Structures are given as structure tokens and as C-alpha cells.
Amino acid sequence: MSKRSFLKEFFKANRMVGSVLPSSRFLSKRMLHPIVFQKAKVIVELGPGTGVFTKELLKQMQPNCHLVVIELNDAFFDELQQKLHAPNLHLIHGSATDISKVLEQLHLPKADVILSSLPLSNFPADLRHTILQEVKNNLQANGKLIQFQYSRGLKKLYGAHFEKVSIDYTILNFPPAFIYTCTNS
């Protein structure tokens, strides 16, 4: 998808698309840094957009790891379906509120990592909390939520659902981004 098409999707659904441009490779590197790829069996990606992180995940994952990608936006989903193919990739056209149902339908255990690009700060409070509860319920005991946002002021939101919340930052993205890594152990 071109930058122009990405921009079109932003203006069409800017509460669901968080940026006017796809994520940079620098943000991608920071987002994937906390993942222990040698141990991961299930990774869930929420709101992959154009698949910047998805492509990197597929490169770094072990062959026995399943990648479940959930995208709600029709245009992004269609593009992902056309350009990404792997035996351990499960592309789902749906909502982040349905992680439990999706994992159950795929006969997969809870995720080791849930990577999210959802612009949660744009969502209504009840939807944010529903998504974060769904994420928490579908992580292994030592699992991680890795979420980027364009605001540092969301630590309290994540802290309401997770015991530990750390924040990383990359200025080499437009706009600059904060990476929240959330765990319960």
C-alpha cells in the first residue's frame, strides 16, 4: 500500500488508524526487541495496518510459532491477504475484542506475546478497557503486551490491567512513538 493509500485510510477512519504514515523500521526494531523468538509458540498482532511489523515477525519467528494477525480495516486486511503468505500465519478479518474466540477457533493456546498497533488513545474508554482485558485474558502467565502509542500519558491505563509497565521511546518515527511493554510477572 502506498503512503497515499495509507493517508486515505487515515482520513477515512482516523479513530481506528492512528497515524498518517506507516511505522518506521526503527519503531519496528524497538517493538520486536522484547520478544524471545526462540521460546514463542503463539504471537498475536492487533491492528497490523500495512504489515510493517508482520513482515518482521515472520522473518524472525521460529517455524513452529503461530502468528495470528487480527485486522478490522477492510483495505488493510485485503492488502495483507494479497501480500503475506506463510504456513504459520493466520490472517483474521475481525476485532481485537475477539482474541479468545479466534484462538479457540484456531485451537491455539494463549499467546506468549500480543503486539498491538491499535490507537487505543483514540478509542472510547469502555472499548480500551474491553480490549486490554481481552489481551490480559489471552496471555500466558509470563506473556507480554507490546503496544506503541504516540502519547506517554497512558501508563496509568496499562497499569490498571498489568502489574508491570515499562516505557521505551523512539524519536526515529513520524510521529515519535512510545513503546509500552506490559507483563503480570
Residue that is assigned to a loop (DSSP other than H, G, I, E, B) and among the basic types (Lys, Arg), where the choices are ARG128, ARG152: ARG152
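If I filter the range 157-165 for residues that are under 14 Å from the mean Cα position of the chain (by Cα) and modelled with pLDDT of 95 or more, do I get at least one hit? Let's see the steps before the verdict.
First, the residues of the range 157-165 that are under 14 Å from the mean Cα position of the chain (by Cα): none.
No, the range 157-165 has no match at all.
What residue, of THR181, THR97, THR170, is within 20 Å of MET61 (Cα to Cα) and in contact with a Leu (Cβ under 9 Å, 6 or more places away or on another chain)? Let's see the steps before the verdict.
Details: THR97 fails: within 20 Å of MET61 (Cα to Cα); THR170 fails: within 20 Å of MET61 (Cα to Cα).
Just a single option satisfies the conditions, and that option is THR181.
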Could you please let me know if ARG4 is within 30 Å of ASN142 (Cβ to Cβ), of a type in the set (Lys, Arg) and modelled with pLDDT under 85? no
Exclusive hit being modelled with pLDDT of 95 or more, over 19 Å from ASN138 (Cα atoms), in a helix (DSSP H, G or I) and in contact with a helix residue (DSSP H, G or I) (Cβ under 9 Å, 6 or more places away or on another chain), set LYS59, LYS55: LYS55
Test SER24 against the stated conditions and say whether it is surrounded by fewer than 17 Cβ atoms within 10 Å (Cβ to Cβ), touching a strand residue (DSSP E or B) at 6+ places or on another chain (Cβ under 9 Å) and modelled with pLDDT under 95. yes
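The values are calculated or read from the model by the stated rules, or taken from the named source; none is laboratory data. Since this is a predicted model, take the numbers as computed values, not measurements. Neighbour counts are summed over all protein chains in view; Cβ atoms, including those assigned to glycine, are modelled from backbone coordinates with ideal geometry.
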